[in-house]
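Everything on this sheet refers to the single structure shown next.
The values are calculated or read from the model by the stated rules, or taken from the named source; none is laboratory data. Bear in mind the structure is a predicted one, so any value in this text is a computation, not a measurement. No Cβ is skipped: glycine too gets one built from the backbone with ideal geometry, and neighbour counts run over all protein chains shown. Areas reflect the complete protein model, heavy atoms only, side chains present, ligands, DNA and RNA absent. Shrake-Rupley method; radii C 1.70, N 1.55, O 1.52, S 1.80 Å.
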Amino acid sequence: MRKILSIFAAVAVMAATVGCDAVRQVAGAYNFVNCEYEYNSLSNLTVAGIDLSKGEIGPMQVIQLTSLLTGKSQSIPLAMTVNVDITNPNLTEAMMEGMQYILSIDGIQFTSGELEKPLNIPAGGKQTMPMKIGVDLKTLLTGDTADTTVKAIKNIAGIGNEASKVTLQLKPSFKFGNTPWTAPTYIPV
């Protein structure tokens, strides 16, 4: 109850000082933090130019991947689009200006980055947010992360036999008037 009163007080102060648009932005930001996030799918998946997004992998691709993961390549670029469903259960729209993200697999941070794409989800609406993500796997194939990285790539390619736990954390950013603001903590997906 105290948290709700604090939020209403902040909204009232904003309304008194900067007007209705700021109130709408504050409410939209609050709603975005309270949305429901769910993994939808991966698409556009490539490892060192090998297209793995079709869901089928041929014998030549298995040989190429095995060679890349066990060889002396200088770089092994992985690119993919992670599609995340966002549902707004609130009575008004949810809004954000962009976000920071962290993608981890089996407890190892694979990559992090920032998306600078505004997103507005209407009240009660649902939208899929595509996140283009890239990482050089070569940096993860050393030391303690090598076995986990190989396992994760095999699973992503559909040739693994052990499950991987994928976590995505989002930290949305908002604009209040002309002032940018970033959420204080990551939201786990």
Filtered residue count, segment 149-174, keeping only those that are within 19 Å of GLN64 (Cα to Cα) and not in a loop (DSSP other than H, G, I, E, B):
9
By residue number, the members of segment 19-37 that are part of a helix (DSSP H, G or I) and either surrounded by 13 or more Cβ atoms within 10 Å (Cβ to Cβ) or modelled with pLDDT of 80 or more (or both) are ALA22, VAL23, ARG24, GLN25, VAL26, ALA27, GLY28, ALA29, TYR30, ASN31, PHE32, VAL33
Quick check on ALA79: is it of a type in the set (Gly, Ala, Ser) and touching a helix residue (DSSP H, G or I) at 6+ places or on another chain (Cβ under 9 Å)?
no
Residues in segment 68-115 that are within 20 Å of LYS126 (Cα to Cα) and of a type in the set (A, V, I, L, M, F, W, C): how many?
9
Counted residues in segment 137-161 being over 12 Å from LEU42 (Cβ atoms) and open to solvent by 50 Å² or more (accessible area, probe 1.4 Å) come to 10
So which residues in segment 103-127 are among the β-branched types (Val, Ile, Thr) and under 22 Å from ASN155 (Cβ atoms), if there are any at all?
ILE105, ILE108, THR111
Is there a residue being touching a Pro at 6+ places or on another chain (Cβ under 8 Å), among the small types (Gly, Ala, Ser) and over 27 Å from THR179 (Cα atoms) anywhere in segment 107-119?
no
Could you give every pair whose Cβ atoms fall below 7 Å, whose first residue belongs to segment 163-189 and is in contact (Cβ under 8 Å) with a residue 24 or more places away in the chain, and whose second residue is open to solvent by less than 40 Å² (accessible area, probe 1.4 Å) and of a type in the set (S, T, N, Q), counting only separations of at least 6 or pairs across chains?
THR167/SER104; PHE174/GLN25; LYS175/GLN25; PHE176/GLN25; PRO180/SER173; TRP181/SER173; THR182/SER173
